[in-house]
Amino acid sequence: METELLLAPITALEIVGDHLLAGEGPNLAIYSLEPDGSHSARCSKQVLRNCNIHGIKEQQNVAPEASGSAIVAIFGGKNLAVVRLSFQNGQVNIVELFPLCELHDWIWDLQWLDSKAETPNCVALALGHNSVALYDCVGQRVFQEVHCQEKCILYSAHLVGSNWDALILVAGTVFNQLVIWGMADPPEGPGRIKPRCRISGHKGVIFSICFMESKGILASASDDRSLRLWAIGNIRAPPEHIPCLLVCYGHQARVWSVRLLSDCIISIGEDSVCLVWDYKGEIVQSFKGHKGRGLWAVAVHEGRRWVFTGGTDSGIRRWSLKSQRAGGSSLSQLNFTSPKRKGSPRVVKLINVNRLLILTDAGVLYLYDLISKVWVSFLEDAAYRSYGLLEVSEIVGGAVVCAMGNLSGQVKIFPLHSPTQSKDLQLYEGKVHSLSWAPFPGQHPDTCSLCVSGPAGAMLWLEVSCHPHDEVTVVVKQCFLLPLCKQRWHTCATFLPHGELLLCGDRRGSVMVFACRPALTPEEMSGSGELDSSGSGVICETPGLLFPLRGDELCADGPVSLLFGLHGKLGVTSVTCHGDFVYSMGRDGCYRQLQVQGHQLQVLRKQKPCRSLEWLEELRFAPDGSMRVLGFHAAHFVLWSARTNETLLSIPCGGGHRSWSYSHCLSAETFAYIKSGDVLVYHSEAIPSEQCVLTESLHGRELTCVCHVATLRSPQQEPVSILATGSEDNTVNILAFGWQSRSMVQLTMISDHISSVRALAVAKSKASHPESTAAVLFSAGGRAQIECYRLQLSLSCGSCSGVSCQLVHVASHRLDEQWDRMKNKHKYIKMDPETRYMSTVVLNNAEDVEQPGSLLFLAAACSDGSVRLFLLLEHAQKLWLVAESFHHQRCVLKVQAFVHKAPGGKRRHFLGSAATDGSIAFWDITDTLDCATEIIRTEGREVELLALGTPVLTLQAHSCGVNSFHVQDVADGIFSVASGSDDGSISISAVEVNDRSAVSGESAAGTGIRILRTFSRLGAHAAHVTGLRLLPRDFLLSASVDQRLTLWRICKGGLSFVLSKFCHVADVAALETWEVDSNCGSVICGQGLEVLSCSLEEQGTEINDVV
């Protein structure tokens, strides 16, 4: 049994030359740090045995001829390893220098001691009970161990000095004190050394200690959420009273580590934040981006001013410290109010990062340059007093064209370089509600399209041409009619890539598609009505339009597809095309991923990019495909990175209801807004990207479930297994694991759950091509919530992951929502909205997954003591509860389904459910499935709640809760049932389905299934058995919280032990297995994820009996 991949919390980081060393469980991973800022993983090797790496220390005084190598000591738990790293030709070689050793106590810190030998051989080890050992690496023995008079457990330790006689230990004790003592001090009493001084002040235990000798400052980080700086001076002769220089509170949870640099202090904490402080105690930078409950490791490259952090989410990120020479940022007030300027600002629009336009309530348009700080008034029109709209667009040709709208239906269009060439169009008899520029695919570089909304839902599509030396020309291309609603105007528009369709969002929250007519010939064009006051340069391609337009007589085209109220009543804020998909955003805090098929809009997914953003404005995609979200959180404008999960910009502007504008380029970014009658501008000069992701985060909290979706194969590519994982952080990840590269890539993340995800189930398709497949995925968990998705997976050479993944949200269900819809509620037991789904299983034929009209049944084990049965109608996007039973009367932990095919061809469906009392109940649910299917196919209505009836068999398998449960078809009508319990025991039973009862249709208890044989293996594991799978050739694989993955052979008399492997995933929650290339692939999850492979070869004699 071999580990193929381990994703574990990052527990140690260290810089060695131009490489970053990371402790990932027992593995040492090495990343190359290139000067251009790029990073690549060089190698990974297991260096410790059964514990995590907690510290990495490089030997600094190496021989000059060893410049291409480094000697590194690695420790964790009681283990110590010394390796030599060789860096040659871009390759890293890890060689064990001294054998791995295990000491008698935990190692808190390590210090290399000076040696004249080319290979250093002595280290000092700070141990867990306030002692220090002098260890000989060559002889593999402890030369000397000295103890402090303060005999207690340590939570941290820091060694200072490079030779034994001058070595000092600063120990963080269980009594919230720092105790300082020296190795050379004479012992007192029972051979223990008296402390030189004690430092008190923290109100919690101390987790980290750092000392900077050049400043004479000692830093400590504590459980009390603070870090403190102490003026210790000479640590070898500390003063009697050591004053506290700073007490820094900034973390929202415990502070795990602190580092002292020449100009700043760095701390990381349980709140997953890395803070940078100055020596006045002020926070100068805050790095947020990791998921989960803590950062456990930090390393600093002072030469390049890089900070590396690693945490419980298995991710490593690089941040850039601000330098004094770096370009700064500022928030300035433009002081618009002046006798020289007319009116008050009403609309602000940025042309680029250095220039902006302001329209006042006096109808005057001003241009302001941020570099020269000069105001220019270049247009005034009394028709745009009190109310005026302004939109600006830079067309492909380089010119900037502006559009203004007013209360009387007029629209003014002009180039910025020549406002006198404006076109004044009388489009409507009433108010112009909105303007938006939308580039049309394939247009001339000097042309752009403008959408104008007026009264009664009329929206005009204008084509504006702005040539450098000619006047502006306007063509009325088409008139559209928005759907009927109270606030009937568009808020955003864009053309689809082929130009055949126009996509719009409106103030009511609807998203719609309009069909664009082909361009007319010159003979078909007309110029009806008084459209242009100048009488020239305007063409109308829509016959029958009379300008100004009146709402009661419109010759307009309606939408060909409409999703009414998709974003609620607050409106759609933007629509964007990217790749083959369309994205719409709204003030409901969510964006939708849409697809247009046959001129029809289809919602694929609903996503909330950031839980704190209630108001989303715009979605922007970087060249690398990463997504940035513009929105508002309370009174702050926020720029959010979905890839790195961090806030890139936050400005207290007062909220999104005011006029604002944002612009950025490679060298700067600018945000302008109007507040209190003035214009305020945030401007930031070129600064490097603050964050770089070396390894992607897995989940923010513990993994609770994992399932295998499919394995894709092709002659050109390695086999790729697709896995789905659920977590306590309310998310589901779809992952692709390459068996040859041993790499894991996240394909997509699902964040639709409002509570933890506890169970995953998948309906696979057997009729798919080896290079592509389809599947239906169910995720369930807290707050009685189930979500259903359709997955389309295929191998793709063009994708960075090698796999193309399309995810479509199909349906969802929540018990509290169903309860609100129910009639005659008084007849039923009230559904508890806090119910958790503990386990789910799909009851279907795999070959039916490809059929659009197929019915899928899902069984769920519930914490309220019930077993529930759901029915999915994919074509109607409905998930209905059809049956339930409260037979167990206690929390149901697991469910399993199996099918028996009788001689007459009739299929009988059975369901097994296991509860916290150790009992397993078997149900014949054939009649329930047939009844629900008949109602759906004949009447097409929601099924009234059915009863599952009485179990046909109840088996008392264990004395306490059943945490793992699996059923396997062994022979005709005979099934193996395996279960694991809280007490560490494993139970195996053989059950037989009675064929006669299947033919006659009997369902009385005890007549459908009978037990052939049963036995238990007590103490199979030392803790809860949380994962268990029956494998081919009478093998069984089990996983437990004791971190043992054990392979058993099912023999006639019981379970025979085959082999066991220590796994580096703590708190194992689930186990999944599948077949890949004649081997057995398996994955366990908990506080991390481990993928393993095992070859099941025949061992011992053949087993002829069932058990």
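The values are calculated or read from the model by the stated rules, or taken from the named source; none is laboratory data. The shown structure was predicted, so the numbers you read here are calculated from the model rather than taken from an experiment. Here the Cβ is made from the backbone with ideal geometry for all residues, glycine too, and neighbour counts use every protein chain on show. Accessible surface areas use protein heavy atoms only, side chains included; no ligands, DNA or RNA. Shrake-Rupley method; radii C 1.70, N 1.55, O 1.52, S 1.80 Å.
Pairs from the list Lys477/Lys675; Lys342/Lys431; Lys569/Lys878; Lys57/Lys194 with a Cα-Cα gap above 26 Å: Lys477/Lys675; Lys57/Lys194. Taken one residue at a time, the phi angles of the stretch 106-115 give Karplus couplings (6.51, -1.76, 1.60, θ = phi - 60°) of 5, 9, 9, 8, 9, 9, 6, 9, 4, 8 Hz. Gly and Pro are set to x.
The heavy atoms of Phe143 present about 100 square angstrom of accessible area, all protein chains included, probe 1.4 Å.
The alpha-carbon of Lys280 sits under 21 angstrom from the alpha-carbons of these lysines, leaving out residues fewer than 8 places away in its chain: Lys215, Lys322. Placing unit charges on the Cβ atoms of the charged side chains and taking the dipole of the stretch 833-1019 about its Cα centre, the candidate lying farthest along the positive direction among Ile936, Val993, Pro833 is Val993. The gain in end-to-end length when the Glu102 to Asp816 segment is fully stretched comes to 251.5 nm, 0.36 nm per residue minus the alpha carbon separation. Placing dummy labels 7 Å off each Cα toward the beta-carbon, the span from Arg1033 to Ala184 is 6.5 nm. Placing dummy labels 7 Å off each Cα toward the beta-carbon, the span from Gln421 to Gln144 is 8.9 nm.
Restricting the stretch 205-276 to GluC sites (Glu not before Pro) that sit in a DSSP loop and have at most 15 other Cβ atoms within 10 Å of their own Cβ leaves Glu213, Glu240. Where the centroid of each part is defined by its Cα atoms, how far is the stretch 429-478 from the stretch 561-609 in Å? So the two Cα centres are separated by 24 Å. Of all aspartates and glutamates in the structure, the ones whose alpha carbon falls short of 14 Å from that of Lys78, not counting any fewer than 8 places away in one chain, are Glu102, Asp105, Asp109. For Asp1077, the solvent-accessible surface with a 1.4 Å probe is about 90 Å², rounded to the nearest 10.
Residue separation of Ala166 and Cys43 scaled by 0.36 nm, minus their Cα-Cα distance, works out to 40.6 nm of gained length. Here the stretch 856-1007 is treated with +1 on each Lys and Arg Cβ and -1 on each Asp and Glu Cβ, and its dipole about the Cα centre works out to around 180 debye. Label-to-label distance, Ala634 versus Ser330, with points set 7 angstrom from Cα along the beta-carbon direction: 2.8 nm. Taking amide H atoms as placed 1.01 Å from N in the peptide plane, the amide H of Cys197 lies under 5 Å from those of Ile180, each 5 or more residues away in sequence or on another chain. Using a cut-off of 11 Å between beta-carbons, work out the net charge of the residues near Ile107 (Lys and Arg +1, Asp and Glu -1, Ile107 not included). Net charge around Ile107: -1.
For the stretch 250-315, state which chymotrypsin sites (Phe, Trp or Tyr not before Pro) are in a DSSP loop and have at most 16 other beta carbons lying within 10 Å of their beta carbon.
Numbers: sites: Trp256, Trp277, Tyr279, Phe287, Trp296, Trp306, Phe308; in loops: Tyr279.
Here the chymotrypsin sites (Phe, Trp or Tyr not before Pro) that fit, given the DSSP loop and packing criteria, are Tyr279.
To the nearest 0.05, what FRET efficiency results for Asp930 and Lys569 with a Förster distance of 35 Å applied to their C-beta separation? Working from the Cβ atoms, E equals 0.20. Going by accessible surface with a 1.4 Å probe and the largest first, Thr337, Thr473 read Thr337, Thr473. Positive end of the dipole of the stretch 625-767 (Cβ unit charges, origin at the Cα centre): among His753, His657, Gln691, the Cα lying farthest that way belongs to His753. Within the stretch 698-778, the trypsin sites (Lys or Arg not before Pro) that combine a DSSP coil assignment with at most 12 other C-beta atoms in a 10 angstrom radius are Lys766. Accessible surface of the chain, 1.4 Å probe: 48 percent of it comes from carbon and sulfur atoms.
For the chain, a simple Cβ point-charge model (Lys and Arg +1, Asp and Glu -1, everything else neutral) yields a dipole of about 2080 debye relative to the Cα centre. Accessible-area rank, largest first, for Thr1046, Thr420: Thr420, Thr1046, with all protein chains present and a 1.4 angstrom probe.
Extension gain, Lys675 to Thr748, is 22.3 nm, computed as 0.36 nm per intervening residue step minus the present C-alpha separation. Which residue, chosen from Ser714, Leu791, Leu777, occupies the Cα position most advanced towards the positive end of the dipole of the stretch 709-817, where the dipole is computed from +1 (Lys, Arg) and -1 (Asp, Glu) charges on Cβ about the Cα centre? The residue sitting most towards the positive pole is Ser714. Partner aspartates and glutamates whose Cα lies under 13 Å from the Cα of Lys486, excluding those fewer than 8 positions away in the same chain, are identified as Asp506. Only the Cβ atoms of Lys and Arg (+1) and of Asp and Glu (-1) were treated as charged; on that basis the dipole of the stretch 105-249 about its Cα centre amounts to roughly 380 debye.
Solvent exposure of the stretch 709-817, expressed per residue, is 33 Å² of accessible area, with all protein chains present and a 1.4 angstrom probe. Exposure check, 1.4 Å probe, all protein chains in place: Val899 carries approximately 50 Å² of accessible surface.
Can you give the FRET efficiency to the nearest 0.05 for Gln595 and Ser372, using r as the Cβ-Cβ distance and R₀ = 51 Å?
0.60
Calculate the FRET efficiency for Lys322 and Asp972 from the Cβ-Cβ distance with a Förster distance of 56 Å, rounded to the nearest 0.05. After rounding, the FRET efficiency stands at 0.20. According to the square roots a ≥ b ≥ c of the eigenvalues of the Cα gyration tensor, what is the shape class of the chain, taking rounded for a/c under 1.5, prolate for a/b larger than b/c otherwise, and oblate for the remainder? Oblate, since a/c reaches 1.5 and b/c is not below a/b.
Think of a 1.4 Å ball rolled over the protein heavy atoms: the stretch 609-701 then has 41 Å² of accessible area per residue.
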